[in-house]
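No value in this document is a laboratory result; all are computed from the given coordinates. These figures come from a predicted structure and were not determined experimentally. Every residue, glycine as well, gets a Cβ built from its backbone with ideal geometry; the counts of neighbours run over all protein chains shown.
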Amino acid sequence: MNRRRTPRSVSAEDLLTTLQSLTARARREVEFHQARVELAQALQRDMLPATLPELPGLRSAARYAPARDGLDIGGDWYDGFALADGALGFAIGDVQGHDVEAAAFMGQVRIAMRAIAGTISDPGEVMGRTNDLLLSVDSGLFATCTFLRLDPHTWELHSARAGHVASIWATVDGRSGVTEDPGGLPLGIQTGEKYPVTRRTLDADGAIVLLTDGVIEGPSLLIEEGLDRVRRLVAAHAGESADALADGVLGAAELTGHEDDAAVLVLRHAPARAR
């Protein structure tokens, strides 16, 4: 006759031991995740430029904000640099994903674009070669981006777009709009991609605002509504300084629900003053 064994009762000491083990494991996982967040924050901080180039008649400013929960770090970026021929290059982008890998990939995009723009003047070709270079390293990530090249002598602005959100423009005389320029696929998806170039002349006092989708899209706001909201904001304050505009536009990100990081790059232009 078989008798079933009575299961051994779990003592309070056993329960405490198990609880301590689970608590220690959870603490290690939290500390590991926090270390990754802090590393991504350090990469983000060190890779974004401390200053942006300016010219007589042109002032620039940029802002970055992590997601509200503080964990989505490393995806969005901006840049601005002087080129050997006196032109200025400006870029803004958004890397797929977040955390350390996205921050590192962001650094690769920024450095590659700077290096290529130093030898090639056409923004579309700069974008295309950056795309092919990123694909050659096979990171598995991709990034949207807008790249601008400003000629300080003619005040012509040449731009190319790789799957990135539209930009905003406004003039102090009351005109404003959203730039729906043609573009190509995001960087890092397909080799040999072509990026058309849009040309415009900055012949009025005003501002151009480049941004990432974290400023205009979220749980509380559709992207079309966000773009129009920022357009109206920039139109109402087009005469203010680049810093004031950048602060105001970044503040609009709070209306989205702010679950993504956000970046803003403002070019405040007044070519008549340069002349």
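A few comments on the model shown:
- Between Ala82 and Lys194, full extension at 0.36 nm per residue minus the direct alpha carbon distance yields a gain of 37.9 nm.
- The C-alpha atoms of region 57-178 occupy a region whose extents along the principal axes are 41, 35, 21 Å, arranged from largest to smallest.
- Between Glu156 and Leu222, residue separation times 0.36 nm minus the direct Cα-Cα distance comes to 20.5 nm.
- The label-point distance for Asp243 and Ser136, in a model that sets each label 7 Å from Cα toward Cβ, rounds to 4.1 nm.
- Computed from the Cβ-Cβ distance with R0 of 35 Å, the FRET efficiency linking Ser21 to Gln96 stands at 0.45.
- Packing around the peptides 137-148, 222-233, taken as the average count of other Cβ atoms within 10 Å per residue, puts them in this order, highest first: 137-148, 222-233.
- Scaled against 2.2 N^0.38 Å for its residue count N, the alpha carbon radius of gyration of region 84-143 is 1.14.
- Each principal axis of the Cα cloud of region 165-273 was evaluated for its coordinate range; sorted largest first, these ranges are 43, 34, 20 Å.
- Cβ-derived FRET efficiency at R0 41 Å, Ile111 paired with Val178, nearest 0.05: 0.85
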